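Inspection log for the structure reproduced underneath, given as structure tokens.
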Amino acid sequence: MASIGSEIKISREDMESFLKAIVTDNIGSTFVKIAAEFLPRRAQLEEQVQKLLVDAPLLAHMPQVIMADDHVAAKVGSVEDDPFGRLLQQTTMSFGFAGVWLQMALHRAIETHGLAPEHFVGWCNRSGLFEDVTFLNDGVRAWYEGDLFKAVHILVPQMEHGLRNIVAKLGKPVTKAHSTVAGVSVVIGMGDVLYSEELTKILGPDITLYFLGLYADPRGMNLRNRVAHGLIKPDLIDGHLVRLLIHTLLVFGVWKELATNRR
């Protein structure tokens, strides 16, 4: 089946105006702006999903099946029957639409401030989420060196680790009883965090949706499970994917502020 695409033109003036607003003369301010700018806003995405009922009614009512090799990975119903599934799909699309803007913002930030991998890692850990940043440094350096496969396989597990450490800082348990072995505990995973009503109230709707859409739900990009289970395909690993991981590091640096401001 032939692919269907559309071309979006961005003028040099529009891009330059955007970059001047995002990349300031202060590193911290620049990181805050990039983190906030590319964090999906759940309310806006919900409006876009509902708009499909008017703009594309056939698409809005058509259920969808997401395949993964030889099995059905997920199902998404109509806008009316499955609004949250459609919301996750819309979130995934928003990651794609943001691609060139995020690329240019990070490039300009690195160019303007002479940023090294340690700048990104230091910002990510400004609230002490990680006791050891060795993997973070190696992952970001791999991005700098163009080793995208290495960057993805190092950084994605650290995103789950970071989210779990947020839970710990909130004073909540980060282990649960083993499902089959009595008296044994295991650490909680992303799903335990992101589908906990108590925790998502604290994280806020935008951060919760962000992590679900990018890392933890089969109706989204599902990076955590794809990497953890060896299911990610080499052709899916590109510069844009790794830049999304770098963006998550910036989000970790201001997760408290973003959660508070967007509840």
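The values are calculated or read from the model by the stated rules, or taken from the named source; none is laboratory data. Keep in mind that what you see is a predicted model, and the values were worked out from it rather than measured. Counting neighbours? That spans all protein chains shown, and the Cβs are built from the backbone with ideal geometry, glycine included. Quick note on the areas: whole protein, heavy atoms, side chains included, nothing else; ligands and nucleic acids left out. Shrake-Rupley method; radii C 1.70, N 1.55, O 1.52, S 1.80 Å.
Pairs of Cα atoms in the range 152-201 fall into 5 Å distance bins, from 0 up to the last occupied one, in shares of 4, 20, 27, 22, 16, 10, 1 percent.
Across the chain, C-alpha contacts under 8 Å between residues 6 or more apart give a mean separation that, scaled by the residue count, equals a relative contact order of 23 percent. Taking a ≥ b ≥ c as the square roots of the eigenvalues of the alpha carbon gyration tensor, the range 184-227 is oblate, as a/c is not under 1.5 and a/b does not beat b/c. Ordered from highest to lowest accessible area with the whole protein assembly present and a 1.4 Å probe, R41, R224 read as R41, R224. Between K256 and V184, the modelled labels are 3.7 nm apart [label points 7 Å from Cα along Cα→Cβ]. Highest mean packing first, where packing is the average number of other Cβ atoms within 10 Å per residue, the peptides 177-186, 47-56, 61-70 line up as 47-56, 61-70, 177-186.
Based on DSSP H runs of at least 4 residues, each adding -39500 (n - 2.57), what is the mean residue ellipticity at 222 nm of the chain after dividing by all its residues, to the nearest 500 deg cm²/dmol?
Details: 15 runs with 159 residues, N = 263.
After summing the helix terms and dividing by residue count, I get -18000 deg cm²/dmol.
Would you please give the FRET efficiency between H119 and V65, computed as 1/(1 + (r/R0)^6) with r the Cβ-Cβ distance and R0 = 35 Å, to the nearest 0.05? Working from the Cβ atoms, E equals 0.25. Using only side-chain charges placed at the Cβ, +1 for Lys and Arg and -1 for Asp and Glu, the dipole size of the chain relative to its Cα centre rounds to 500 debye.
In this structure, the pairs whose alpha-carbon distance is over 19 Å, taken from K150/K233; K169/K256; K9/K33; K75/K233, are K9/K33; K75/K233. Placing +1 on the Cβ of every Lys and Arg and -1 on the Cβ of every Asp and Glu, with no other charges, gives the range 39-163 a dipole of roughly 360 debye about its Cα centre.
Could you tell me which of rounded, prolate or oblate describes the range 67-195, using a ≥ b ≥ c as the square roots of the eigenvalues of the alpha-carbon gyration tensor, with rounded for a/c under 1.5 and, failing that, prolate when a/b is larger than b/c and oblate otherwise? Oblate, because a/c is 1.5 or more while a/b does not exceed b/c. Counting only residues at least eight positions apart within a chain, or on another chain, the lysines with an alpha carbon under 24 Å from that of K176 are K201.
Using a ≥ b ≥ c from the Cα gyration tensor of the range 77-129 (square roots of the eigenvalues), is it rounded, prolate or oblate, where a/c under 1.5 gives rounded and otherwise the larger of a/b and b/c decides, a/b for prolate?
Details: a/c = 6.61, a/b = 2.07, b/c = 3.20.
In terms of gyration-tensor shape, oblate.
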